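Take a look at the structure set out below.
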Amino acid sequence: MKPSRKVKKRDRKKPVSINKRILATGAVVLLSAVWLIVKLIGVQFVQAEELQQKALSQWMRDTALTASRGEIVDSNGITLAQSGTAYKVLLWPQNISEGERERISSELSRIFNLDYDSVYEKTGDKTKREIVLKRQVSREQVDEVASLKLGNGVATAVDTKRYYSYGTLLSQVLGYTTIDSVGQSGLELSLDKYLSGQDGRMITETDNAGQSLVNGVQEYIEPIDGCDVKLTVDSSVQTVLERALREAIVVNNANNAQGIIMDCTTGAIVAISTQYSEGELDLNNIAEMRSNVELLTKLSRNRVVADSYEPGSTFKIITLSAALDSNAVNKDSYSCTCGGASLVSGQRIRCWRTTGHGTQNLTQSTENSCNCAYMDIALRLGTEKLYDYIYAFGFGQTTESGMLGESGGIVTHEKYILDYDLARIGFGQSIAVTPIQLATAVSAAVNGGILYKPYIVDEIIADDGTVLVDNEATMVRRVISDEASANVREILTSVVDNGSGRNAQIAGYKVGGKTGTAQKYDENGVAEGKLIASFVGFAPADDPKYVVLILVDEPQVGSIFGSTVAAPFVREVMEETLRHFDYLPSWMEETVTVPNVVGMTTAEAEAKLLEFGLEAVFQDEDVVTRQVPAAGDVVNTGTQVLLYTASTVYISDGDGETVTVVVPDLSGLTRLQAYDMLRAMGLILEVQGIYAGGVAISQSIEAGTEVPYGTTVGVSFGTPLPTDGAEPNPTPTSTPEATPALPPETSPTPDD
Amino acid sequence: MGKMKISLRYLKERFLGQGRMDFLFFGAIMLLCVFGLVMVLSASYYTCYKNYGDGFHDFTRQAVCFVLGLVGMIVVSYVPYQLYRKPIVCGSIYAVTLGAMLIAAFFGTEVYGASRWIQIGGITVQPSELAKFVLVIVMAAYITKNAKKISRLKIVPLIIVSILFGLFALTILKQKNLSMIIILGAVFIIMLIWGQFKWWNIGMVLLLAIAAVTLALWMEPYRMERMLSFSNPWADPSDTGYQLIQSLFAIGSGGLFGKGLNFSRQKLLYLTFGENDFIFAIIAEELGFVGCLFLIALYAFVIYRGILIAIRCKEKFGTLVAGGFSIIVGLQAFVHMLITVGALPTTGQTLPFISAGGTSLVIFMVMMGVVLNISRQDERFKKVRTKVESKIVPLERK
């Protein structure tokens, strides 16, 4: 045990105090364990709830789920507005390195047509985690961005965009949304609470990088899509109306044109539009249009409901209705003599025809649109009575059509009305109405006397199919008796049949209507040379269904009357509307011989052609230099006659030179074949010599010669075999189409 | 040293012939290590999967190091600890460690702005982890040898041990490993106390330390701010307070029983360094208060058992080494845990045996190997003496 003694000896060197100190140190360390446990209790139990709450908010990512905005459809269910998927481009500047910055900036500014410097600045803004560079970009652009492999700093995400099937159709009524699909104007704004739906949420558990966890808890609140809105508008008829209004602007060189088509038996608006000479409101290009706010505001204005005007003679319908209903005048016994002006309370008020209309009965007065007669009728009615009717017809208050920005018009309070004011109101002056008010009132006057509330929203259908709003014809009140209404219809039909409304006649249909030409006012009173020509028509006249009102604002043509400026377009619109809704013409189309209109002004030519049941088509207001088909041609009524004027720009685009054609080789063709071939090229066949059958043997102008459009080509027919020596039979043809009478005027004048 | 007959038989008896180790201590360490492996896998899987595409990246390394550490621990447990007392052995260990640390400080791999690692082949080693181990051994050896000088109030031993510590501290300062200096400093002072240095000596050292810390903070006030951010992490939740807040979220949402193993939310990239510097927070989140108590108890048991081994050791050197190592484990474990609950300034401090980090694991296990060897030499375990025991004597006698 010697060695162990040695060990023990060394052991003695170890003082006991070391153990004590070690124990003490250990105790201190273990005491810290107690401290730790106390702290742990504090964190895990006392503060736990607060900490968990905070932690939870960082673990969960709350994503908004955008509800799809409802569709707007027309009466046939054709989609006018819908929301679809677009994309947005995001920048994550923190992921963009300095080296990539220049390339990314230049590529992105190129693709999205943005300013390079501003993109460059955004890519370097490290203080932001995410910057939305561009919204509502197309799939193609997104694909291009992806193909460039711009790295982690450029991302794309889904965005929504409002698409309008026909960008310009019904655009003022539909309105547009902000970039975030919040209604900003029109129905998009007024029906926003229905259309917008309710956004949903998705709460996802994610890691700190934002990636959702595989088995993470998800809370999903489904978005409720917006309701669909069905309008009373028929997009086909709307198209017709808009086209006619644009045409009216171009033809009449007008400032703007407004139109409304109403179902007078219900008050449903079938079409409504305001067209401006400055252009159209294209809902698919709102982003670009926002750069010119003034123009956007103007083009967005639906003047049919928003702006009142002095209606002029169209208002006589109201006076007439009031007079007939109240028996203030008798339809059969009324008589009035017009001397060109009337003296009312010392004021001389002129009739539009300063030479006067002579003695007329009620129907004639209306046909002539005689102001004197209507002053007389208004005075017979008296202020109180006329005003009762004016208010009963809905003037002076909005129609509550549901369209935004409706104006109530201006009806001066009756206590300020003097006799001459009353007389003026009788023929539509000293009162301001909106086109929709007038159309609504006229509907009541002709539909049997019942005023319906106009409406444009037919149904609002929730996402689940529930019909939330189902508008139907809402009768406001009976304004005039059925009998009075029948008389009004009769008189107004006569206006179209025989009077100032002739331009609104439609072959095969009975139409009633009234013209109107109104003054415009500015700060100095009556604005010289600024007029509003209008026409309100209804059809079928004996059982009216549609009322069409068209206003042409500030037309700049020679003679301005509702009958020449607005009526032809009402006719056009009405005819297509009736056809669209399957109203069959009550008599078949007739054929007419085209009259000669060369040398007339386009307006005159148009009126003349209309008399013949033909339609004039022209570009500019000027003297007609040529017409196609030519005078003497027999065509169906309703055929369009193309009018060329001196200022017509020809397709050849030379310095004012006319259109020329190359004369074809006619040899060997029969007369009919030759006629068809020449007609197709705009040339005119003239049979030379005596026609006795056979084929063309010679022509007055050699084949291959360039001649102006419309040149007459003389052709002799006969047997082509010269060896035969047989003379052509001298039998004259009686076929009317083959030998059109060609007045010399149809020959072209090649110079301007 | 007399002539020795070194035969295989002799070596076998000399090494394997020692007593049995403290199996409770060994078992507790194993439990900690296995617990650590499980937690490293749980805490690191998501981050590793994200970063390397391999969720087992950190776990695999940890597992390999665990095997290395286990082998090292068992081998070392057979090496008589008296070996380290020899000036030539502890001197060269000290020199090699200091050299490696200097290499790391000046030529090492830089990670997170600190140069602490050296790369040998494909393995990255952090030599400063060795410093604790070496400082304890060197100081224990010196104190044992110079006990008389120390008791005679000579200033020389204090200067010498201070130099030993100072060289390490300066190198680590260069490596910007503040938490390591603090642990090292604590170990140094504890060793001074245990080594029966006079109280005024210790007081002087403490004063010096306080002065140095004050100076450092005064020179770089942002450190102060950073150091003190733990008292109110919400003042700057996105920067200085971020980690502590995330740690508190993890612990606070753990509750009594935790979310269950693998169900931590904070490890999903919210809490950074969740697999090492903040692994306790993840443990608290997944296993709750109960799991924490279990872990704390386990550490307390290791410390208790380690101190028991130290006290039972009849030799001063063995006592100091076993006590020092056990205290290091306890100190570092509780500092780590106290940091995660916001009781101490937020400095990177690994949890012994548990945190991911191969060097730390291997060194801690080897340290425990030494303690186990000390336990083997406990007389009470040597109830059955083998015949060859007498053969040990020549070596002991020197």
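Here, each number is a calculation from the coordinates, and none is a lab measurement. Everything numeric here is computed off the predicted structure, so don't read it as measured data. Ideal geometry is used to build each Cβ from the backbone, glycine not excepted, and the neighbour counts take in all protein chains shown.
How crowded by other chains is B:244-253, given as the mean number of beta carbons from other chains within 10 Å of each beta carbon? Average neighbour count from other chains, rounded to a whole number: 6. Kirkwood hydrodynamic radius computed over the range B:20-377 comes to 21.0 Å, based on all pairs of distinct alpha carbons. Entry for the range A:125-259 at q = 0.13, 0.20, 0.21 Å⁻¹: log10 I(q)/I(0) = -0.87, -1.27, -1.29, Debye formula applied to identical alpha-carbon scatterers, no solvent contribution. For chain A, the longest principal axis of the alpha carbon atoms and the long axis of helix A:482-498 meet at an angle near 60°. Here the range B:303-333 is scanned for amide nitrogen atoms under 17 Å from the site 7 Å beyond the Cα of B:Ile189 along Cα-to-Cβ, giving B:324, B:327-333. Put in order of Cβ neighbour count within 10 Å, fewest first, the listed residues B:Tyr299, A:Tyr391, B:Tyr84 become A:Tyr391, B:Tyr84, B:Tyr299.
Rounded to two decimals, the Cα-based Rg/Rh of the range B:209-263, with Kirkwood Rh, is 1.21.
Between 0 and 90 degrees, the angle of helix B:23-52 with respect to the longest Cα principal axis of chain B falls at about 30 degrees.
Positive end of the charge dipole of the range A:179-323 (Lys, Arg +1 and Asp, Glu -1 on Cβ, about the Cα centre): tell me which of A:Tyr220, A:Ile260, A:Thr239 has its Cα farthest that way. The Cα lying farthest towards the positive end belongs to A:Ile260. A simple packing score, the average count of other Cβ atoms within 10 Å per residue, orders the peptides A:496-504, B:16-24, B:217-225 as A:496-504, B:16-24, B:217-225, with the highest score first. Each residue of the range A:232-241 was assigned a 3J(HN,Hα) from its phi angle through the Karplus curve 6.51 cos²θ - 1.76 cosθ + 1.60 (θ = phi - 60°); the sequence is 7, 5, 9, 5, 5, 5, 4, 4, 4, 4 Hz, with glycine and proline shown as x. For the segment B:193-206, counting C-beta atoms of other chains within 10 Å of every residue's C-beta and taking the mean gives 1. Between the helical axis of A:2-11 and the dominant principal axis of chain A, each derived from Cα atoms, what acute angle in degrees is found, rounded to the nearest 10? So the inclination is approximately 60 degrees. The dipole here belongs to the range A:147-194: it is taken about the Cα centre, uses +1 on the Cβ of Lys and Arg and -1 on the Cβ of Asp and Glu, and is about 160 debye.
Evaluating 6.51 cos²θ - 1.76 cosθ + 1.60 at θ = phi - 60° for every residue in the range A:569-586, the Karplus couplings come out as 6, 4, 4, 4, 5, 4, 4, 5, 5, 4, 5, 4, 8, 6, 8, 7, x, 7 Hz, glycine and proline recorded as x.
In this structure the amide hydrogen of A:Thr517, modeled in the peptide plane, comes within under 5 Å of the amide hydrogens of A:Ser313, A:Thr314, A:Ser534, A:Gly562, none closer than 5 places in sequence on its chain. In this simple spin-label approximation, A:Val46 and A:Met202 carry label points 7 Å from Cα along the Cα→Cβ vector, and these lie 4.2 nm apart. Highest mean packing first, where packing is the average number of other Cβ atoms within 10 Å per residue, the peptides A:441-452, A:456-467 line up as A:441-452, A:456-467. In this calculation the C-beta distance from A:Gln556 to A:Asn285 is compared with R0 = 41 Å, giving a FRET efficiency of 0.90.
Farthest towards the positive end of the charge dipole of chain B, among the residues B:Gly291, B:Ile118, B:Asn232, is the Cα of B:Ile118, using unit charges on the Cβ of Lys, Arg, Asp and Glu.
Across every pair of non-identical alpha carbons in the range B:56-154, the mean reciprocal distance, once inverted, gives a Kirkwood radius of 15.8 Å.
For peptide A:49-61, the mean count of partner chain Cβ atoms within 10 Å of a residue's Cβ comes to 4.
For the protein assembly as shown, a simple Cβ point-charge model (Lys and Arg +1, Asp and Glu -1, everything else neutral) yields a dipole of about 18760 debye relative to the Cα centre. Each peptide in B:229-242, A:377-390 receives the mean, over its residues, of other Cβ atoms within 10 Å, and ordering these scores from highest gives A:377-390, B:229-242.
The value obtained for the range A:510-624, namely the Cα convex hull volume divided by the number of residues, is 113 Å³ per residue. Here the Kirkwood formula puts the hydrodynamic radius of chain A at 32.2 Å, using every distinct Cα pair.
Once backbone amide H atoms are built at 1.01 Å from N, A:Asn253 has A:Gln556 as its partners under 5 Å, excluding neighbours fewer than 5 places away on the same chain. Close amide-amide hydrogen proximity is noted between A:Val713 and A:Ile684, A:Leu685, A:Glu686, each under 5 Å apart and 5 or more residues distant or on a separate chain (H modeled in the peptide plane; Pro and chain starts excluded). If R0 is taken as 30 Å, the Cβ-Cβ distance between A:Leu31 and B:Ser238 corresponds to a FRET efficiency of 0.30.
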